[in-house]
Each structure stands twice: as C-alpha cells, then as structure tokens.
1. Tell me which residues, restricted to the range 212-252, are of a type in the set (Lys, Arg) and in contact with an Asp or Glu (Cβ under 7 Å, 6 or more places away or on another chain).
2. I'm checking my understanding of the structure. Among residues of the range 109-139 that are under 20 Å from Arg58 (Cα atoms) and of a type in the set (D, E, K, R), which one is surrounded by the most Cβ atoms within 10 Å (Cβ to Cβ)?
3. In this structure, does Leu149 turn out to be over 20 Å from Gln57 (Cβ atoms) and within 11 Å of the chain's Cα centre (by Cα)?
4. Do you know which residues across the range 74-90 are farther than 14 Å from Gln51 by Cα and either part of a loop (DSSP other than H, G, I, E, B) or touching a helix residue (DSSP H, G or I) at 6+ places or on another chain (Cβ under 9 Å) (or both)?
5. Output yes when any residue across the range 189-203 is on the phi < 0 side of the Ramachandran plot, surrounded by fewer than 14 Cβ atoms within 10 Å (Cβ to Cβ) and more than 15 Å from the chain's Cα centre (by Cα), and no when none is.
6. Which one of these does Val50 not meet: (1) aliphatic (A, V, I, L, M); (2) touching a strand residue (DSSP E or B) at 6+ places or on another chain (Cβ under 9 Å); (3) closer than 30 Å to Arg197 by Cα?
7. In this structure, is Arg99 in the same structural domain as Asn73 (by TED's automatic domain parsing), over 15 Å from Gln57 (Cβ atoms) and either surrounded by fewer than 17 Cβ atoms within 10 Å (Cβ to Cβ) or touching a residue at least 60 places away in the same chain (Cβ under 8 Å) (or both)?
8. Which of the residues belonging to the range 172-219 are out of contact with any Lys or Arg (no Cβ under 9 Å at 6 or more places or on another chain) and among the hydrophobic types (A, V, I, L, M, F, W, C)?
Amino acid sequence: MNPNPAPPLDVRLMDGAATALLLLAAALALVALGGWLLRQPLWSLSTVVVQGQVQHQRAAALQAHLAGRVQGNLLTLDLQQVQQLLQGAPWVRSAVVQRQLPNRLHVTIEEHQPVAWWGQAGGTRLLNQHGEVFEAEPDEAQGQHWSVLSGPAERAPQVLEFYRTVQPVLARQGWGIAQLALDERGSWRAVLDDGVRIEIGRGSATQLLQRIEQYAKTVPALLQHYGGRPLESADLRHPDGYALRIRGVSTLAELQLPAVQRAPVGTPRVRPAAPTP
C-alpha cells in the first residue's frame, strides 16, 4: 500500500494555480519596480561627451541638435536613432554612440575633412578627403585656397582622384587648379589659377595624364618664344598636339612652333588655335 498517496486532482490544480499567481505577481512587481527605476531622475541624460576629430562640433551643439528629437532617458534611448541624428548634423561624417551610466552619452565623432568646393566657390556643398559631397558652411578663411571641383555627384570620388593626379604635374610649373570639371559625357576641362582655360577632353586616365604632362613640359618654352605673352586657353583634345590661344598673337602664321621646340617624329606637336579677335 502507497504510504504517500497523490493528492486529488482538484487539489493539484489549485496548488498549480496558486503557484502561477505568485509567479505572475512577482513578475508584475519586478516590472513595476523596473519602470519606477527607469523613471528616476538619476538616468536623465545630462551630459554629452564628445571625442574624436572635432573641429567644428562641440558637445553643447550636438546636445542642442538632439534636444526634442529623442525620447526617454539614458537607459531607454534608441542608440541607433541617436547615431542617425548625429550623422545628420553639420560636419559629422560618422558617429559612434555609447551609454555611460548613470547619465552621460559618449559620442566619438569623425568629421568631414573638406578638400575642395563642390559645384561653386562660396557655397555650402563641399568635397571631403574621401570624395564624398556634403553640406556645411565653412568660415571664409578656411575655403580661401580651395579648388572648385564639379561633375555628376556619383562620380565625385573619380573627380577628386583625377584632381590629385593632375595637380602635382601642373604644380611643377607653378600652376594651380582653380576649377576642374567633368561633364555628363565624360569630358574634362580645367581652369588654372592664372585664368588659363584647358580643354582636356575624354580618354583613359593614362591618356589624359599623358596629354597634360606633354602640355606642361612644352608650353613654357613656347610662350617664351612669344615674349612671355599671356596664354588664354589650351585645347588638348587634338590627337597629335594641342591648340593654344595666346593674347596678342592674332594670325595663324605668327603662331608656329619655333625650331628649337620641334618635337621628334611620333610625339605630339603644337597646333595654333583660331586667331584672337
């Protein structure tokens, strides 16, 4: 005979229900306690600590940028939402956001490092060192020596790469690039800082660089032959040379490559442009 008979089914059901109610009550109490703790002023966001490459953004400015746009305290903040909001602030390229108990938000910022104007000088569209176009308002002194690069926005990295390739070649002759543009057809043109306009044309990066190197090597001596008269424009799109427009040289007969500058067979030769009016 079983000395410990099982309790009746109804008793077991009542015991189970009582246990479940106790567990539910305990869970509700924990939820209530958690909610009460979350609402305590202790967790209210009071400080934004900013680190990283920071020149244009300060903690107070970022905190003001977040004000009214995020809900909750430090424990309930949606960090992904905060990150997206910060990356929408001027000059911010990327942001990493971390909680620091009890009431601090730690933000590591990478700012855009501008290298050129995009589209026009003095505007709000800039190009950073990665070839990304962004919106910001630089101070007047900061952009004083920037070049103006332009082209289809999706090809901005290519424009910056070509600029970085060409600029050292021209700099050897003391020339700077004021403007460099890529049009929708893939044709390049530049304006130097002395106002000379250069039609570079289309082609592979190697072909374009060869044109510019040949031009940079030969045109200074040619200009000396004409008494150092100012060059107005150059067209590098000719297959066997380039065309020039020199101020004060008004006929095709005058604009001939001097004998000392004649190139060997197989190398590009200088062609005259249309006469200056």
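The values are calculated or read from the model by the stated rules, or taken from the named source; none is laboratory data. If you're wondering where the values come from, they're calculated on a predicted model, not measured in any experiment. Note that we place each Cβ from the backbone using ideal geometry, even for glycine, and neighbour counts take in every protein chain shown.
1. Step one: filter the range 212-252 for residues of a type in the set (Lys, Arg), giving 217, 229, 237, 245, 247.
Correct list: Arg237, Arg245, Arg247.
2. By that ranking, first place goes to Glu111.
3. Working: over 20 Å from Gln57 (Cβ atoms): yes; within 11 Å of the chain's Cα centre (by Cα): no.
Against the criterion (over 20 Å from Gln57 (Cβ atoms) and within 11 Å of the chain's Cα centre (by Cα)), Leu149 does not qualify.
4. Listed by number, the residues that qualify are Leu74, Leu75, Thr76, Leu77, Asp78, Val82, Leu85, Gly88, Ala89, Pro90.
5. Taking the range 189-203 as the starting set, the residues that turn out to be on the phi < 0 side of the Ramachandran plot are 189-194, 196-200, 202.
Checking the rest, the ones that are also surrounded by fewer than 14 Cβ atoms within 10 Å (Cβ to Cβ) come to 194, 202.
Then drop every residue that is not more than 15 Å from the chain's Cα centre (by Cα), which leaves 194, 202.
Looking for residues that are on the phi < 0 side of the Ramachandran plot, surrounded by fewer than 14 Cβ atoms within 10 Å (Cβ to Cβ) and more than 15 Å from the chain's Cα centre (by Cα), one finds at least one in the range 189-203, hence yes.
6. Tallying (1) aliphatic (A, V, I, L, M); (2) touching a strand residue (DSSP E or B) at 6+ places or on another chain (Cβ under 9 Å); (3) closer than 30 Å to Arg197 by Cα, Val50 fails exactly one: (3).
7. Numbers: in the same structural domain as Asn73 (by TED's automatic domain parsing): yes; over 15 Å from Gln57 (Cβ atoms): yes; either surrounded by fewer than 17 Cβ atoms within 10 Å (Cβ to Cβ) or touching a residue at least 60 places away in the same chain (Cβ under 8 Å) (or both): yes.
Considered against the rule, which asks whether it is in the same structural domain as Asn73 (by TED's automatic domain parsing), over 15 Å from Gln57 (Cβ atoms) and either surrounded by fewer than 17 Cβ atoms within 10 Å (Cβ to Cβ) or touching a residue at least 60 places away in the same chain (Cβ under 8 Å) (or both), Arg99 comes out as yes.
8. Trp175, Ile177, Ala178, Leu192, Val196, Ala205, Leu209, Ile212, Val219
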